[in-house]
1. Select the helices (runs of 4 or more DSSP H) contained entirely in the stretch A:803-917, then report the ones holding at least 3 residues which are buried (at least 19 other Cβ atoms within 10 Å of the Cβ) and away from RNA strand B (no atom under 16 Å from the Cβ).
2. Condition first: free of Cβ contacts under 8 Å to residues at least 40 places away in the same chain and touching a Pro at 6+ places or on another chain (Cβ under 9 Å). Can you find one or more residues in the stretch A:541-552 that meet it?
3. Could you pull out every one of the helices (runs of 4 or more DSSP H) wholly within the stretch A:719-797 that has 1 or more residues that are of a type in the set (Asp, Glu)?
4. Go through (1) out of contact with any Gly (no Cβ under 7 Å at 6 or more places or on another chain); (2) open to solvent by less than 40 Å² (accessible area, probe 1.4 Å); (3) over 27 Å from A:Pro579 (Cβ atoms) one by one and return the number of the condition A:His136 breaks.
5. Name the helices (runs of 4 or more DSSP H) wholly inside the stretch A:8-119 in which the number of residues that are touching a strand residue (DSSP E or B) at 6+ places or on another chain (Cβ under 9 Å) and closer than 27 Å to A:Val711 by Cα is 2 or more.
6. Just give me the residues in the stretch A:918-934 being at pLDDT below 75 and open to solvent by 90 Å² or more (accessible area, probe 1.4 Å), in sequence order.
7. For the stretch A:104-123: of the residues being within 20 Å of A:Asp502 (Cβ to Cβ) and of a type in the set (A, V, I, L, M, F, W, C), which is surrounded by the fewest Cβ atoms within 10 Å (Cβ to Cβ)?
8. Where in the stretch A:928-1017 are there strands (runs of 3 or more DSSP E), lying fully within it, with 3 or more residues that are over 25 Å from A:Leu868 (Cα atoms)?
Amino acid sequence: MLKEITGQYNAGEIESKIHVFWDGIDAYSKVRQRRMGAKRFFFVDGPPYTTGHIHLGTAWNKIIKDSILRYRSMNDYHILDRAGWDMHGLPIEVKVEEVLGFTSKKDIERYGVGNFIEKCKEFALLQKDDMTRQFHSLGIWLNWKDPYMTLRDEYIEAAWWTLKQAQQKDLLEEGKRVVNWCPRCETAIADSEVEYEERVDPSIYVKFRLKNEPGTSIVIWTTTPWTIPSNIAVAVHPSFEYSKVKAVTSSGESEILIMASSLVKDVLKKGRYADFKILDTMLGEDLTTLEYEHPLADQIPKQARFRHNVYLADFVTAENTGCVHIAPGHGMDDFEVGVKHGLPIFCPVGPDGRYTEEAGEYTDMHIREANKVVVENLKERGLLLAEGTISHRYGHCWRCKTPIIYLATRQWFLKISELKEQMLSEIDKVVWYPEWAGSARFRDWVEGARDWCISRQRYWGIPIPVWRCTECERIDVIGTKLELLERSGLAGGIELHRPYVDSVTLTCECGGKMRRVEDVFDVWFDSAVASWATLNFPHQKDELEKWWPADFITEGHDQTRGWFYSQLGASMVAFGRAPYKSVLMHGFTLDVEGKKMSKSLGNVVQPSEVIGKFGADTLRAYVLSSSAPWEDLKFSNDEIANVHRTINILWNVYRFPLPYMALDAFDPSDVTLESVKPHMRSEDRWILSRMQSVIRSVDSAMETCMLQKAVRNINDFVLEDLSRWYIQLIRPRTWVEADDPDKIAVYRVLYEVFTTLTKVIAPFMPHLAEEMYQNLVRNVYTDAPESVHMNDWPVPDESLIDMDLEQHMKLARSVVEAVSNARQKVGRKLRWPVGRIVVSPPDENAALAVKNLKEVIMDQTNSKDIVLTEVGGSWDELGFSAIPNPGAIGPVFKGDAGKVIAALKQVDAIALKKKLACSEGYELQLADGNIVTIGPDMVSFQETLPELVASASSSAGIVYVDAKLTRELEAEGYSREVIRRVQDMRKEMDLAVEENIRAIICIDDERVVDLVLDLEQLIASEVRADVQIIGFDVEVHGDLVKDWDVEGISMHIGISRS
RNA sequence: GGGCCCGUAGCUUAGCCCGGUGGAGCGCACGGCUGAUAACCGUGAGGUCCUGCGUUCGAAUCGCAGCGGGCCCA
């Protein structure tokens, strides 16, 4: 039996009830099981990092995933959707260090790497559980029971196996690269872990003496004097102009300097030269023949052996001197110049920030102290042109705030640049939503792809499975746990994390002992292998064949350079093709101003706050509907409240007929839709057609990932078609108490629409859909699927679609709105009936719409008749009035103009118009008897409305409302006023709908009493009065007595329970 | 500095691909309805379509340049 719903929409109550229900029957698993054997759909969840809390962006991400997967499932797909977790990496190490009170890598070593790893694991698992609960509250259905986790052995094996593929395909390389380095923490740190802060540094100009031109120097500028000992080259821009300048000091000494022409004045001013003379100018590309002496060659023996030349580089800017100091061991750009030209990657600085023995006299000095010393040494040698300070933004270690340095270190690389062309052609094979996400944005990123540094000198990560022989340096890459056991001769029970795996040694072909290199993987490599790791490959092989590559992934646009890229790179290495077939790139959540949400700005909105206030379905409907997925979402509280209102209306629409259905014991299983067809009215056929059209539009929106269109179409249907129109039309039909086939038809149609609607909203508002479904379907059909989400997606029933009717209804609604407008103009409220409405249709279709839907229009406009004029014609009761044009009359009649105008206003406008239309002039008699001739330019015409008629335009033509009153109309109007007052009082007394009353009505106007008495019976039955006295001078008493003013007439009404 | 995306009423947005009178919702003002009622509905006011230039008979829409915002990079 259908249950009556009386309460307001209470999201919190409904959603927690539904969660209990889902958990109780294990709905998710049942839904997935139900589709086993259907078309396969492999979805890979981009694993969120286990930070412990989700934010609005992660919520949106998962909501998109959930809605698409629910839709797919209903469309009969067997879905594989393990949730994923990214659980390794420095952020967790840092959190754990904080908890343990550690400040450096040495603390970890003292605590024991094994203990530390255990803490990290524990922490990550805890965070994962917290976040799972938060996703749960959003109604996200993924495989949460068996998620893929990057810290699991099977997962680690997937990464190992991938690296082994790289080695076998000669795509793995060990080499020196420059990385961000924290000299205090003694570790490489990722770019995203560098914080930029304002800082004051030295700013020095240094002269490098040319070897073959005594007395000539090239001038460079730097803020890091400590890197001068590592200088190997100078870079200039090929197309800048450079000058050779004779610079003279105040004491008359002169020297020759080389720098960018545009900067000569500035630099010489800094060097306090008294005068200068340009000797020669040349392009940067002409400077490459120059060779200079390292300024500190006498202190650093190794530097004395290197050659130092000038090279060309596009990154050089016309700032400072236009000549850039290059130390390939201490800068990214510098390093590239070095590699390009085969220069030594000289890096005489150790991980602790102290110079190594390679630095000669600087050995063991910390770079922090070195700045001063280097400057001093340069000064002694007469090589310092100028010295000062500069305030600029500089990178700092995010956890200890130490300024970072750049160090060339030995790292492991995947040779992605060799795969670039293949990657680009793979991008074209993937379907991107939107198209430009792939063709423009991702393509651009991949075109700039460089070799991928996959090693980190940390603890909590997937250990790099490279073992190196301590004797012959040979390396072996281990691809699986089994291989490791076989090679090491161990029996098993091994843990693949550090430090356990570090203690495993292998025997080299040469007989030497092989030890694992100490590095762990960059965390981006972890998630990169997700598409096969989630299939437990290589541990299991058959699942890969069955599912891979992924049918669909979706993440935010920041993942262009992140997961979209890392997955593609790893997959090219492993399988030589893209790991996904289609990608939806979604946007970011911004605050209401369009600014990024960040803790420091204090504009972060927590999903839990929103859920607490409005519920998960509202949040879901809001983020899905407010913009296209790929556009950024400006989070607005007003808008979310608006969406909440829409859902509330849906709820009200749903519960509105239930009390009547329950009262009538309506059983939908007894009544087929077919059987009520003879009793359907046009509005019934119309709403059924609209419902089918909505399914179609949702389908076409979903096809292109336009979730916003899908949800908006649903909302519009609920608001416009159901709430504002259909429900308004059928209300009186549901109040009929007898067993009326007309009422049963309405019930059955509403039932049809609602049950379809529960399925249509299921992917987007899964809780509300379930709540409605349980009552509408499960309470009626005990053999129906347990959950709405187990149902098949509705297929539009073509036989119910009637596009003509939909179009006609649109026109009819437009007429009703126009009448509303006209009523307001003529001051006749809706409660008062009008005699007739005249519509002047512009075409046959409009006429047909009005004709066919006459009943609907009469009903909604409270009118007694609808009259159509001829198509394209005008209403024959309209009048015309002539409007004199003084601009044309004045010049012709001069002093008589006033008389002419006065006379024109008096003439018969219709006759005037006729005459002017066919002849040249109209003979007008003035008040003084004179006759003048009026030309067509002297007058214009305007339609005039009969008295008490107002007009308004609609898309079905101009609508005229005739508000003239007759006795019958007036009687009805006043009676309605009386009824409305009594009903209001019934409500105030909190009477039940079916309760009877006694009423006494005193009206202070005999004429109105007389009018109202015409409809005494109607009033009595409408207000359910057993005894009713209406009169001019009656005594009013009762349980509730009130005085009213109706259009200026006093009424005194008293009512009592019967 | 580069790539991509976004910029329409006070706010959130449709329309832009494929040129021809800019359309909603919220808010505001006025009104209606009163058996969905702490609900619902109508009418109205409100727009340099970011700016400038160009193409065109005609530009919110196409092109170029700039400004502002977002993501990514340098």
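The values are calculated or read from the model by the stated rules, or taken from the named source; none is laboratory data. All values reported here derive from a predicted model rather than from experimental measurement. All Cβ positions, glycine included, derive from the backbone under ideal geometry; neighbour counts span all protein chains shown. The protein model used for the area step is the full one, side chains on, heavy atoms only, and it has no ligands, DNA or RNA in it. Shrake-Rupley method; radii C 1.70, N 1.55, O 1.52, S 1.80 Å.
1. Details: elements: A:803-826, A:844-852, A:854-861, A:886-893, A:897-906.
Because the criterion is at least 3 residues that are buried (at least 19 other Cβ atoms within 10 Å of the Cβ) and away from RNA strand B (no atom under 16 Å from the Cβ), the helices (runs of 4 or more DSSP H) in the stretch A:803-917 that meet it are A:844-852, A:897-906.
2. If we filter the stretch A:541-552 for residues that are free of Cβ contacts under 8 Å to residues at least 40 places away in the same chain, which is where we start, we get A:541-545.
Subsequent filtering for residues that are touching a Pro at 6+ places or on another chain (Cβ under 9 Å) retains A:544.
Checked against the condition, which is being free of Cβ contacts under 8 Å to residues at least 40 places away in the same chain and touching a Pro at 6+ places or on another chain (Cβ under 9 Å), the stretch A:541-552 yields at least one hit.
3. Numbers: elements: A:727-735, A:741-761, A:766-773.
The helices (runs of 4 or more DSSP H) meeting that bar are A:741-761, A:766-773.
4. The single condition A:His136 does not satisfy is (2).
5. Because the criterion is at least 2 residues that are touching a strand residue (DSSP E or B) at 6+ places or on another chain (Cβ under 9 Å) and closer than 27 Å to A:Val711 by Cα, the helices (runs of 4 or more DSSP H) in the stretch A:8-119 that meet it are A:27-34, A:56-74.
6. The answer is A:Cys918, A:Glu920, A:Glu923, A:Gln925, A:Ala927.
7. Checked the stretch A:104-123; the qualifying residue surrounded by the fewest Cβ atoms within 10 Å (Cβ to Cβ) is A:Val113.
8. Working: elements: A:931-934, A:939-944, A:949-954, A:957-962, A:997-1003.
Answer list for the stretch A:928-1017: A:931-934, A:997-1003.
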